[in-house]
Amino acid sequence: MMAQIHFELAKCYDGTDQPDACMAALAIAHEQAEVAFQQRFPNVSRYDVLGWLKERVEHDAPVAWQMPIEDGTAQDPVFLVGFPRSGTTLLERVLDAHPALSVLDERPALEAAIAELWRLPRWRDQSLSDALDGLDPAVLHTARSIYWREVERHVVPHGRLVDKYPLYLTRVPYVARLFPRSVWLLLLRHPCDCVLSCHMQAFGMNGGALVFRTIETTAEAYAAAMEHWESQISRTPMPVHTLRYEDLVTDFHGQLDRVMAFLSLARTATQDDFSMKAAHRDRRINTPSYSQVIQPVNSSAIGRWQRYRRYFGERTLGLLRPWAERYGYSLE
């Protein structure tokens, strides 16, 4: 409760351009959130939370992984990913307004399928590459059916499914094996804005309470997650469309046209009214972004990190600089 109060205070200070008061409130909020998390999960550390980044393949996806799996299920999904607070919720709402697309909003359907694989004998005795190579058609069909059953608990797809789960960017090898005809939408945002936004959010009783404890630890997580994504997606032939949040909000129709062309669809008028659909939808938006999503597209969040620049130490900027340069952002 105390943590939430101070997160709200921080939001108020940020909105009234009081960065020092905001950061002071966030320090208390994160301290309280960490205490609450450790009381419930005393044996979990920040390094445990990031442990899943060790799961990776060490070779390019073999030809066998690239063959379509004919099991009578729906078309392989579109996976919408990005580091948290990169703008995936905004794009999700725009895509959900298209009549030929259905969106699954941060439900762990893929995790249910992965859990089925982890139960296989000797799974953990092998490298991830060998374990995925050894999957036979029956196991693939079972894991895929578990995925679709989990999807249908939350949404009945009326078109191609868009599975929006930002941190699935760390599940590339599993997607490549289970859904070889899937495609990816990667949302980027200025790494400093992304890190600051994560640090400012109350993510509840999950690993974010540890990983986003400070701006520096958040930057460590950002660098680790993006390195994992780049190393793994380069080993698969799956198509990826990369979109920057800043470009989407400043050139909405132009960027959306490119996204829809990537999905072999055309933009519709209903997508221009996505904020109204979000405000009146009967499904809950499972993200801290709800209040922003029901507003029209605006650029107010671009460059916010500059007001907090003095809180980005040299090590933090050093962690983020390679990614800023890679994705076309400036740290000046």
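Every read-out reported here was derived from the displayed coordinates using simple, explicitly stated rules and does not represent laboratory data. Keep in mind that what you see is a predicted model, and the values were worked out from it rather than measured. Here the Cβ positions follow ideal geometry from the backbone for every residue, glycine too, while neighbour counts run over all protein chains shown.
Where does each of 306-316, 83-93, 117-127 land if you order them by average Cβ count within 10 Å, highest first?
83-93, 306-316, 117-127
How fast does region 1-43 diffuse by Stokes-Einstein, in µm²/s, taking the Kirkwood radius from C-alpha pairs at 4 °C and 1.567 mPa s?
124 µm²/s
Calculate the spin-label point distance for ALA115 paired with ASP17, positioning each point 7 Å from the Cα along the beta-carbon direction, and give it in nanometres.
Label-label distance for ASP17 and ALA115, simple model: 4.9 nm.
Return the single residue from TYR245, TYR47, TYR222 with maximal mean-square fluctuation; model: Gaussian network over the chain, springs between Cα atoms under 10 Å.
Taking springs between Cα atoms under 10 Å, the residue moving most is TYR47.
How far apart, in nanometres, would the label points at ALA100 and ARG149 be if each is projected 7 angstrom from Cα along the Cα-to-Cβ direction?
Rounded to a tenth, the inter-label distance reads 3.2 nm.
Evaluate the charge dipole of the chain about its Cα centre and quote only its size in Debye, nearest 20, assuming +1 on the Cβ of each Lys and Arg and -1 on the Cβ of each Asp and Glu.
Numbers: 36 positive and 41 negative charges, 61 e Å.
Using only the charged Cβ atoms, the result is roughly 300 debye.
If you place +1 on the Cβ of every Lys and Arg, -1 on the Cβ of every Asp and Glu, and leave all else neutral, what size is the dipole of region 106-224 about its Cα centre, to the nearest 20 Debye?
Result for region 106-224 is approximately 300 debye, rounded to the nearest 20.
So what are the ³J(HN,Hα) numbers for region 165-171, from phi and the Karplus equation (6.51, -1.76, 1.60; θ = phi - 60°), rounded to whole Hz, Gly and Pro as x?
Values per residue, Gly and Pro as x: 8, x, 7, 5, 4, 9, 10 Hz.
Does anyone have the angle between helix 137-152 and the longest principal axis of the chain? Alpha-carbon axes, 0 to 90°, nearest 10?
40 degrees
Can you tally the net charge around ARG315? Count Lys and Arg as +1, Asp and Glu as -1, for every other residue whose Cβ sits under 13 Å from the Cβ of ARG315.
That sum, taken over residues with Cβ under 13 Å, equals -2.
At 0.36 nm per residue, and after removing the present C-alpha to C-alpha distance, how many nm does the segment from ALA324 to ALA36 gain when stretched out fully?
Result: 100.3 nm gained on full extension.
Which is farthest toward the positive dipole end of the chain among GLN38, PRO157, PHE179, measuring Cα position about the Cα centre, with Cβ charges +1 (Lys, Arg) and -1 (Asp, Glu)?
Of the listed residues, the answer is GLN38.
Measure off 7 Å from each Cα along the Cα-to-Cβ vector at HIS141 and GLU227, then give the distance between these two points in nanometres to one decimal.
According to this spin-label approximation, the distance is 4.2 nm.
Gaussian network model of the chain, Cα springs within a sub-10 Å range: biggest mean-square fluctuation belongs to which of LEU243, LEU128, LEU196?
LEU128
So what J values fall out for region 196-202 if you push phi through Karplus, 6.51 cos²θ - 1.76 cosθ + 1.60 with θ = phi - 60°, rounded to Hz, Gly and Pro as x?
My calculation for region 196-202 gives 4, 5, 4, 5, 7, 9, 8 Hz in order.
Convert each backbone phi in region 315-330 into a coupling constant with the Karplus relation 6.51 cos²θ - 1.76 cosθ + 1.60 (shift: θ = phi - 60°), then list the ³J(HN,Hα) values in order as whole Hz, x for Gly and Pro.
With coefficients 6.51, -1.76 and 1.60, one gets 5, 4, 5, x, 5, 8, 4, x, 7, 4, 5, 4, 9, x, 10, 10 Hz.
Say a paramagnetic label sat at a point 7 Å from the Cα of ASN206, along Cα to Cβ; which residues of region 149-169 have their backbone N under 15 Å from it?
164-169
Find which of VAL49, LEU265, LEU110 sits farthest along the positive direction of the dipole of region 44-326, computed with +1 on the beta-carbon of Lys and Arg, -1 on that of Asp and Glu, about the Cα centre.
VAL49
Run the dipole for region 133-194 about the Cα centre, Lys and Arg Cβ at +1, Asp and Glu Cβ at -1, nothing else charged, and hand back the magnitude in debye, nearest 20. Mind dumping the intermediate values first?
Working: 9 positive and 6 negative charges, 28 e Å.
Computed about the Cα centre, the dipole is about 140 debye.
Toward the positive end of the charge dipole of the chain, about the Cα centre and with charges on Cβ (Lys, Arg +1; Asp, Glu -1), which of LEU256, LEU243, ALA10 goes farthest?
Among LEU256, LEU243, ALA10, the one farthest towards the positive end of the dipole of the chain is ALA10.
Find how much the distance from ALA64 to ARG315 grows on full extension, using 0.36 nm per residue of separation minus their present alpha carbon separation; answer in nm with one decimal.
86.1 nm
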